[in-house]
Amino acid sequence: MLINERAKELFTEMLNKSAADTDKLFARLMIFQWLACVVIAYFVSPETWNGEESSVHVHVWAAIFIGGAISAFTGALAHFYPSEKITRHLIAVAQMCMSILIIHVSGGRIESHFHIFGSLAFLAFYYDPQVLITASLITAADHYLRGVYWPMSAYGELTVGTWRWLEHGAWVIFEDVFLIYSCLRSQKGLAEISNRQASLELINSEIEAQIVARTAELEAQRERTLEGEKMAALGEMAAGMAHEINNPVSVIQLTSEQLQDVLSDENPDIEMSREMAKNIQMTVGRIGKIVRSLKSFARDGETDPMVETPVNQIIEETLVLCNEKFRNRGVHLRYEKFPDQLKLSCRSVQISQIILNLLQNALDAVEVLPEKWVEITFAEDSESTRIMVTDSGGGIPEHIREKILQPFFTTKEVGKGTGLGLSISKGIMDAHHGELSIDTKCSNTRFILNFKRDSYGTKVA
Ligand SMILES: Nc1ncnc2c1ncn2[C@@H]1O[C@H](COP(=O)(O)OP(=O)(O)OP(=O)(O)O)[C@@H](O)[C@H]1O
Ligand SMILES: [Mg+2]
């Protein structure tokens with residue numbers, strides 16, 4: 001199974017890391033022991049007397065050269081072959097050789113034999129019982145051979161009993177039992193940690209995969225909803241549009257008939273004809289405007305460049321799309337033309353989308369109220385230009401104020417609201433370095449579009 005394999009991999013990784021650390025530890029320890037060994041050799045058996053002459057005892061030389069060789073060997077192993085299995089066994093051998101050397105230079109003193117126990121304890125850091133066995137075998141072999149051939153070096157006596165090495169060996173086995181038990185327990189602990197980590201990793205990756213899938217799903221859903229919303233809005237608008245265009249078309253028809261009448265007079269009234277032609281031209285202009293609004297709304301404008309656009313133009317184009325709806329639902333829509341010089345550097349289609357959504361929200365909210373009006377106003381100071389959409393409602397209740405800008409928050413019935421309008425609007429405002437906020441000071445419900453002047457939000461021509 002995947003999780004077991006990963007756990008094994010982690011277990012090996014941890015063991016290797018700890019083995020490499022222990023290799024390094026021994027490399028340093030060896031240098032320290034080397035120096036200690038030289039000091040012991042110098043003070044415990046410093047000189048040999050040869051008649052009247054004294055000279056540096058051969059033990060000191062042994063400590064320097066043999067100890068140096070052992071240290072160099074360990075250092076090289078730790079450096080070139082860290083965490084290898086053979087490395088830890090060779091280091092175990094080297095460490096036991098260092099013990100032998102120390103026992104030897106101290107003249108086989110019994111205290112020096114404790115060095116072996118210390119060495120075994122350090123070797124247990126490898127968490128590998130086999131390393132302890134290698135070390136123990138070396139020390140047993142050494143005690144046996146030196147007992148037979150060189151008892152002075154190992155035990156500080158000229159003769160020792162045949163079974164002396166076994167007595168020492170028994171103590172080593174006694175310690176080994178505890179150390180091997182502790183190695184196995186540590187291994188078990190590491191295995192448990194590896195298992196836990198492997199299952200955590202698996203859970204994490206599952207969660208991540210779920211998040212990715214869910215995000216993609218949400219994104220797809222958002223796109224579908226947006227598309228659906230737009231189509232619904234377009235459908236509703238088309239009905240309004242028919243009405244909006246019908247009026248000017250009737251005006252054109254009527255005026256052109258009248259114009260023909262006037263022109264067929266004997267003395268046609270040129271001034272009147274001109275007025276009528278002008279009227280026709282103006283009305284055609286109005287139709288053009290309506291068509292343009294619809295066309296621009298049909299695009300999403302996300303990739304449009306930022307263009308300096310008169311605010312009036314944006315609002316008028318938006319109103320064309322929803323005037324009819326307000327009229328049908330008996331809601332009074334107030335808008336007084338802003339100063340002509342008020343311009344925004346923006347993607348006008350997107351700003352128009354925001355205003356349309358705010359107007360739609362306001363319309364939905366005031367429809368059920370006795371007093372029904374919506375108003376578009378502006379305010380300006382040295383720092384910003386603000387477009388405000390206010391309606392006759394009494395403000396957004398405090399407990400949902402934080403939430404309404406979040407995606408999918410809606411109080412509308414299923415199928416009516418998606419809860420995306422305000423969050424999309426907020427996203428668009430962010431992209432314009434502006435801000436969409438709720439005016440909490442106003443006694444009515446008021447949304448503010450704040451365009452900063454110093455960024456590239458607002459400019460007054
Ligand atoms: N003018 C307002 N008056 C009262 N409540 C409002 C007003 N504008 C928004 N809200 C509240 O904020 C909620 C979220 O609005 P938002 O425009 O994000 O989504 P929606 O209108 O519910 O759905 P959608 O716009 O996607 O069709 C609304 O459901 C409504 O409860
Ligand atoms: Mg909405």
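Observations on the structure shown:
- The sole residue among LEU436, LEU422 that is within 13 Å of ligand 2 (Cβ to nearest atom), closer than 18 Å to THR377 by Cα and crowded, with 16+ Cβ neighbours inside 10 Å is LEU436.
- Candidate set from segment 151-180 (those that are among the aromatic types (Phe, Trp, Tyr) and buried (at least 18 other Cβ atoms within 10 Å of the Cβ)); member that is nearest to the chain's Cα centre (by Cα): TRP165
- In the set (1) within 17 Å of LEU436 (Cα to Cα); (2) within 16 Å of ligand 2 (Cβ to nearest atom); (3) part of a loop (DSSP other than H, G, I, E, B), GLY395 fails one condition alone, (2).
- Residues of segment 376-417 classified as at pLDDT 90 or above, within 12 Å of ligand 1 (Cβ to nearest atom), open to solvent by 40 Å² or more (accessible area, probe 1.4 Å) and of a type in the set (D, E, K, R), total: 1
- For LEU321: the one exception among (1) more than 16 Å from ligand 1 (Cβ to nearest atom); (2) open to solvent by less than 60 Å² (accessible area, probe 1.4 Å); (3) on the phi < 0 side of the Ramachandran plot: (1)
Per-residue answers, yes or no, for (1) acidic (Asp, Glu); (2) farther than 15 Å from LEU449 by Cβ:
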| site | (1), (2) |
| --- | --- |
| GLN313 | no, yes |
| ASN323 | no, yes |
| ASN328 | no, yes |
| LEU358 | no, no |
| ASP364 | yes, yes |
| VAL368 | no, yes |
| GLU380 | yes, no |
| ARG401 | no, yes |
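- Just one residue in the set MET276, MET282 is within 30 Å of LEU319 (Cα to Cα) and modelled with pLDDT of 90 or more; that residue is MET276.
The values are calculated or read from the model by the stated rules, or taken from the named source; none is laboratory data. Because the structure is predicted, anything quoted here is derived from the model rather than measured. Here Cβ is always computed from backbone atoms with ideal geometry, including for glycine, and neighbour counts include all displayed protein chains. Protein only, heavy atoms only, side chains kept; ligands, DNA and RNA dropped before computing areas. Shrake-Rupley method; radii C 1.70, N 1.55, O 1.52, S 1.80 Å.
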